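Have a look at the structure below, then the notes.
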Amino acid sequence: MLWIFLAVSVAAAASISAFIDNYITDVHFKGRLPQAQKILGLPAYLLICLIIAAIFPIQALPLHFVLIFIGTGIMSALGSIAYYKALSTEDTTGTTIFIQLAPVLYLIAGWTLLGDHISLIQILAFALLVAAPLIVIFFSQKRAQKLRRRGAFLIILYLLFVVTANIIFVSATGGEGKDHSIDFYTAFFYAMMGKLMTDTALTLIFRSWRKRFKWVVKNSGFKFLGPMIINELLYVSMDLIYRLALTIGPIALVSATANSLQLIITFFLGIVLTLIWPIFGRERLRARTIIAHLIATAFAVTGIILLG
């Protein structure tokens, strides 16, 4: 099925993007105001809007639908602030562990908003998925647990914004198995407009972001801009593919498939990169940490299999 292929593509892209995000946050921003990276989202979102408008005819929509799709973009853009702040407190694999809660949120939304039935097996899957990040926190050194708890809170906050935005987006476009009267690319165009408007407003509001971004560009130059441009293009493409997968497949399974594969790819890619290219890997390869992540990965993957 097409949605499976799309979910696999999202998982691979998300893993690579997470390492670039972590590298930029720790190496160039040194953990200070990493959300200033959103400034580069302005040209990226503007470019994708121009490309979509040039390739796909934008349908005329009722004003309330336009506002809905723009609103989903605004929510996603605001949620990403918490994501960037989480990167300053967490390693890449640890952050990915916490993102495994996304399928749980999608299933809960299906139960509360769409009337979907939740079985005992799915409840067990919920427990395993929630246990995965808790294991990582438990196995952390005491001095790192506070940072892990803060990272968990920020990632959950990020997920609440993004999952809510995606559910609204999917519902407004029709969703799985429904007649899609609204063109997907038109909806995505307005969602990107929402992100563009939000990042533009935030850039104008927060002078500290502008100063920090200029400082990083001045001191790092293309070593920062090169990976950042690649990452922005990768992220926008990933966002498009993921939303498309959510509209043509079961949203909980799409999320579960993408997140489980991302977790596995990120874990092993992190080990490889740390050994051969430490500037991008930079994972903590202590035995205690590896064991914690292996156990958490097993819990998360088992939970996601049960969801299927």
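Values as computed for the structure displayed
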read-out: Odd one out for N22, checked against (1) of a type outside the set (S, T, Y); (2) assigned to a helix (DSSP H, G or I); (3) over 18 Å from the mean Cα position of the chain (by Cα); value: (3)
read-out: Selection count, segment 237-251, where residues are in contact with a Phe, Trp or Tyr (Cβ under 7 Å, 6 or more places away or on another chain) and of a type outside the set (G, A, S); value: 6
read-out: Answer from I135, I74 - the residue that is open to solvent by 30 Å² or more (accessible area, probe 1.4 Å), of a type in the set (A, V, I, L, M), assigned to a helix (DSSP H, G or I) and modelled with pLDDT of 75 or more; value: I74
read-out: Conditions (1) modelled with pLDDT of 70 or more; (2) in a helix (DSSP H, G or I); (3) open to solvent by 20 Å² or more (accessible area, probe 1.4 Å); number of the one not met by S181; value: (2)
read-out: Hey, I276 open to solvent by 50 Å² or more (accessible area, probe 1.4 Å), among the aliphatic types (A, V, I, L, M) and under 22 Å from the mean Cα position of the chain (by Cα) or not; value: no
read-out: Qualifying position, being open to solvent by 50 Å² or more (accessible area, probe 1.4 Å), part of a helix (DSSP H, G or I) and over 18 Å from A44 (Cα atoms), among I230, I155, I168; value: I168
read-out: Hey, A53 at pLDDT 90 or above, part of a helix (DSSP H, G or I) and touching a Phe, Trp or Tyr at 6+ places or on another chain (Cβ under 8 Å) or not; value: yes
read-out: Residue check, V217 of a type in the set (V, I, T), crowded, with 20+ Cβ neighbours inside 10 Å and in a helix (DSSP H, G or I); value: no
read-out: Residue tally, condition among the small types (G, A, S) and either within 16 Å of the chain's Cα centre (by Cα) or surrounded by fewer than 19 Cβ atoms within 10 Å (Cβ to Cβ) (or both), over segment 36-50; value: 1
read-out: Filter result for A36 (touching a residue at least 24 places away in the same chain (Cβ under 8 Å), assigned to a helix (DSSP H, G or I) and closer than 27 Å to I251 by Cβ); value: no
read-out: Yes/no for I58 being in contact with an Asp or Glu (Cβ under 9 Å, 6 or more places away or on another chain) and either more than 19 Å from L196 (Cα to Cα) or of a type in the set (A, V, I, L, M) (or both); value: yes
read-out: Test: residue in segment 98-118 that is modelled with pLDDT of 65 or more, out of contact with any helix residue (DSSP H, G or I) (no Cβ under 6 Å at 6 or more places or on another chain), within 18 Å of A256 (Cα to Cα) and surrounded by fewer than 15 Cβ atoms within 10 Å (Cβ to Cβ); value: yes
read-out: Count of residues meeting criterion [aliphatic (A, V, I, L, M) and under 18 Å from the mean Cα position of the chain (by Cα)] in segment 55-82; value: 6
read-out: Cβ pairs under 7 Å, 6+ apart, first in segment 2-13 and closer than 10 Å to L244 by Cα, second assigned to a helix (DSSP H, G or I) and among the polar types (S, T, N, Q); value: A7/T257
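Quick grid of which residues meet (1) of a type in the set (D, E); (2) open to solvent by 20 Å² or more (accessible area, probe 1.4 Å):
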{"residue": "N22", "(1), (2)": "no, no"}
{"residue": "D26", "(1), (2)": "yes, yes"}
{"residue": "P34", "(1), (2)": "no, no"}
{"residue": "I52", "(1), (2)": "no, no"}
{"residue": "L61", "(1), (2)": "no, yes"}
{"residue": "L67", "(1), (2)": "no, yes"}
{"residue": "I70", "(1), (2)": "no, yes"}
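The values are calculated or read from the model by the stated rules, or taken from the named source; none is laboratory data. Quick caveat: nothing in here was measured; it's all calculated off a predicted structure. Neighbour counts run over all protein chains shown; Cβ positions are idealised from the backbone, glycine included. The accessibility values were calculated without ligands, DNA or RNA, using every heavy atom of the protein model including side chains. Shrake-Rupley method; radii C 1.70, N 1.55, O 1.52, S 1.80 Å.
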